[in-house]
1. Along the positive direction of the dipole of segment 2-238 (beta-carbon charges: Lys, Arg +1; Asp, Glu -1; about the Cα centre), which of Ala31, Phe90, Ser76 reaches farthest?
2. Once the Cα atoms of segment 72-151 are picked out, what are the Rg and Dmax in Å?
3. Between Gly162, Gly129, Gly171, find the one with the highest GNM mean-square fluctuation for the chain; connect C-alpha pairs within less than 10 Å.
4. Stokes-Einstein at 10 °C, 1.306 mPa s, Kirkwood radius from Cα pairs: D for the chain in µm² s⁻¹?
5. For the chain, what is the mean residue ellipticity at 222 nm derived from helices alone (per DSSP H run of n ≥ 4: -39500 (n - 2.57); sum divided by total residues; nearest 500 deg cm²/dmol)?
6. Given N residues in segment 1-128, what is Rg(Cα) / (2.2 N^0.38 Å)?
7. Test of understanding: express the Cα radius of gyration of segment 98-140 as a ratio to 2.2 N^0.38 Å, with N the residue count.
8. Along segment 191-204, what does the Karplus equation 6.51 cos²θ - 1.76 cosθ + 1.60 (θ = phi - 60°) give for ³J(HN,Hα), rounded to whole Hz, x for Gly and Pro?
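What follows draws every value from the coordinates through simple rules; no lab data is involved. Just so you know, these numbers come straight off a predicted model, no measurement behind them. Cβ sites come from the backbone with ideal geometry, for glycine too, and all protein chains shown count toward neighbours.
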Amino acid sequence: MTERLSTEQLRLCDDVRKNYYEITENISKAAEKSGRASSDITFLAATKTVEPEIINYAISLGLKKIGENRVQELLSKYDRYDLENADLQFIGHLQTNKVRQIIGKVSMIQSVDSMKLANEISKQSIKNGLTTDVLIEVNIGREENKSGVLAENCDELIENIGALEGINVKGLMCVPPICDTKQENFKFFDNMYKLFIDISSKKYDNVSMDFLSMGMSDDYTEAILSGANMVRVGSRLFGARIYR
Ligand SMILES: *Cc1c(COP(=O)(O)O)cnc(C)c1O
């Protein structure tokens, strides 16, 4: 795919290229340190506020997964993503009344934290003859006003979602609290990993713990060392976000 880019965009692409190789190198080192191969780790780029031309440039470098946060932004960019070469996921908070707008457009919804939302995903998927993969978002820091199910309620939610048609649970995701120390950060990631392993050992219908999605620009290497196999990196790849 060739696109005409402005001078500003070309300059940004230069940065994106350097950042992309730096991140993949860091992922590779962290994977190795934790006894895995770089191919075991999925690098998803968080693309909110990023123009499709720049996203597509990153895809041309080898990026395979992109994730959007907001339904409206996703829809407005949808026709311009290079989805022949990358896979689009939804990673933000999703309102039940917007589910139908993205079913069939995204390969996974990473942020399911209630039966109400799961029921609607199930309903809309069935209507479209599809099965939608989801991750369960865990509020691992027990923060008020933050989405995600509490760890102790995770099991029950997963079992109940597994019983629905048109929806498969593929793992867990989290956005831990902002931490002052790396040590504190590791504690949240380690707790997520324990939960992930615990649920992996149970045999629920339509549930497979394939993905543990955690780690962003400032902590993706720590997340991998704690057992993440999917990281979601935005600003480290694309630069500071400019909200227009
Ligand atoms: C924006 C976002 C990211 C990436 O954040 P950065 O700190 O820019 O890497 C990851 N996950 C979610 C859910 C996001 O909204």
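1. Ser76
2. 13.3, 39
3. Gly129
4. For these conditions, the coefficient is 86 µm²/s.
5. Numbers: 9 runs with 102 residues, N = 244.
After summing the helix terms and dividing by residue count, I get -13000 deg cm²/dmol.
6. Working: Rg = 16.4 Å, N = 128, 2.2 N^0.38 = 13.9 Å.
Normalised by 2.2 N^0.38 Å, the Cα Rg of segment 1-128 equals 1.18.
7. Output field value: 1.09.
8. Per residue, the Karplus-derived 3J(HN,Hα) values read 5, 5, 4, 4, 4, 4, 5, 4, 6, 4, 7, 8, 10, 9 Hz.
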